[in-house]
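The values are calculated or read from the model by the stated rules, or taken from the named source; none is laboratory data. On a predicted model such as this, the values are computed, not experimentally measured, just so you know. Here the Cβ positions follow ideal geometry from the backbone for every residue, glycine too, while neighbour counts run over all protein chains shown. The accessibility values were calculated without ligands, DNA or RNA, using every heavy atom of the protein model including side chains. Shrake-Rupley method; radii C 1.70, N 1.55, O 1.52, S 1.80 Å.
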Amino acid sequence: MLYEQTIDGALEDAVGKAGLSRASLTRELDRAGAALDKIRRWKEDGALPLLNLPARRDDLVALRPHAERFARFEHVVVMGMGGSSMSGKALVALADKGFGPAPGRPKLWFMDNVDPATYAELLSRLPLERTGFIAISKSGGTPETLVQLFAVLEGVEAKVGKTRVGDHLIVITEATDNPLRRLATRLGATILEHDPKIGGRYSSLSLVGMLPAMIAGLDCAAIREGAASVLDPTLMANDMAGLAPAIGAALSVGLANERGINVTVLMPYVDRLDSFAFWYRQLWAESLGKDGKGTTPVRAMGTIDQHSQTQLYLGGPIDKMLTLLIQDTAGEGSLVSPQRVAGDTSLAYLEGHRMGDLLLAEADATVATLVKNGRPTRVIRIATLDEKVMGALMMHYMLETMFAAQLWGVDAFDQPAVEESKIVTRQYLSSRRRT
């Protein structure tokens, strides 16, 4: 396994009455067997194409020429909402740690809102003649994505001319007659097909996530290989005992149903997993928050939030399950030499250690403190973070979400409340235009 999950700190014999009993965990895992059967059927009958992606490479070969063409730009702007943006952003964080892209690669910008001040700044700062744009909307009618694209077209046309705008644009949308496809056709832009059976928040392994990742220089085959390392053993399992995604789901559902734990916190101790935590937040919230079910996902970051949120986690209401995602950073980073702490005995504990030693010690200390204070705590450990590990983590959480949805009896793939708000938005705009 590319990661190791430990749930002992979330069980009753470790944290007391807030934890889940082993009997309850076993009961939820037994119920998860039916969910596994359903996931297998989805794979076999093609109802969920996501489950076929880890084994595929043909689509990556077809995607490469488009990625290579856009990799020659100085900047690439990805325009999309929710999973259409978060998927690629989480992956690209492996290559761009916040200080710019890998040498010879463009800077990718993920524009996932429609704040006019932000867009005005973007258009004033970027050299539009050396910038590529990727617009992603599964339906082709997402108003935010369309308005984002409208906002850049005039500036790009002014720089490169109307006949060359299409050279700067790739559109990812369904093969239907929709507004985004019609616009892209008029502009002469490249149009790539979005699988209608893969929703945005589950699209990280599809071209939605793979294209930005490939442009950034990542090994997309390795990402899928990591995903397969989680999916394949799950589909072939004879029982639920060793299935990490099912165990995670059973733990969350059991704690919610029996202990009133209605908040789930994901706290990576890896800066490159910051965007991943936001990706998880949407996946969990939008997939499970239905019919009064689900738990509220919260993104936290270690060590940052030891100085902001942890007081609440330790001293506030016991209504949270915490998952700490910890990388083994022992021996990494700069050394605290004896000369730096000489003469100050209060700093003796730092002497001879490296920055990674401090990060790992803080993560382990947080786990121990949470458990000691009766707070249900799960730990996921990774030895390193690369494409394979990221693929494994993404597949783990997608499967965990599917298992949890089946245990709660909700549809993991729809979002009726979101659709309702979209309808009201259109009504508001139509009304205000008329007045």
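Just a few scattered comments:
- Number of positions in the range 244-267 that are open to solvent by 10 Å² or more (accessible area, probe 1.4 Å) and either outside any helix (DSSP H, G or I) or β-branched (Val, Ile, Thr) (or both): 4
- Count of the range 272-318 residues which are open to solvent by 40 Å² or more (accessible area, probe 1.4 Å) and on the phi > 0 side of the Ramachandran plot: 2
- Residues in the range 328-349 that are under 22 Å from residue 276 (Cα atoms) and either acidic (Asp, Glu) or touching a Ser or Thr at 6+ places or on another chain (Cβ under 7 Å) (or both): 328 only.
- Restricted to the range 367-388, and to residues there that are in contact with a helix residue (DSSP H, G or I) (Cβ under 6 Å, 6 or more places away or on another chain) and in a helix (DSSP H, G or I), the residue that is most open to solvent (accessible area, probe 1.4 Å) is 388.
- Of the candidates 100, 88, the single residue that is without any contact (Cβ under 8 Å) to a residue 24 or more places away in the chain and within 22 Å of the chain's Cα centre (by Cα) is 100.
Per-residue answers, yes or no, for (1) within 30 Å of residue 218 (Cα to Cα); (2) touching a Lys or Arg at 6+ places or on another chain (Cβ under 9 Å):
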position: 357; (1), (2): yes, no
position: 369; (1), (2): no, yes
position: 372; (1), (2): no, no
position: 379; (1), (2): yes, no
position: 415; (1), (2): no, yes
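- Filtered residues of the range 163-197 (kept if open to solvent by 80 Å² or more (accessible area, probe 1.4 Å), under 19 Å from residue 70 (Cα atoms) and part of a helix (DSSP H, G or I)): 163, 164, 185
- Selection from the range 389-409 of residues that are open to solvent by 10 Å² or more (accessible area, probe 1.4 Å) and either of a type in the set (Val, Ile, Thr) or under 15 Å from residue 50 (Cβ atoms) (or both): none
- Residue tally, condition within 25 Å of the chain's Cα centre (by Cα) and either under 12 Å from residue 212 (Cβ atoms) or open to solvent by 80 Å² or more (accessible area, probe 1.4 Å) (or both), over the range 112-132: 2
- Boolean, residue 211 is buried (at least 23 other Cβ atoms within 10 Å of the Cβ) and either in a helix (DSSP H, G or I) or more than 19 Å from the chain's Cα centre (by Cα) (or both): yes
- Residue selected from the range 201-258 under the condition closer than 23 Å to residue 32 by Cβ and of a type in the set (D, E, K, R), by the criterion modelled with the lowest pLDDT: 239
- Looking across the range 53-72 at every residue that is in a helix (DSSP H, G or I) and open to solvent by 50 Å² or more (accessible area, probe 1.4 Å), the one that is farthest from residue 206 (Cα to Cα) is identified as 69.
- Qualifying residue in the range 343-350 (condition: crowded, with 18+ Cβ neighbours inside 10 Å and within 22 Å of residue 270 (Cβ to Cβ)): no
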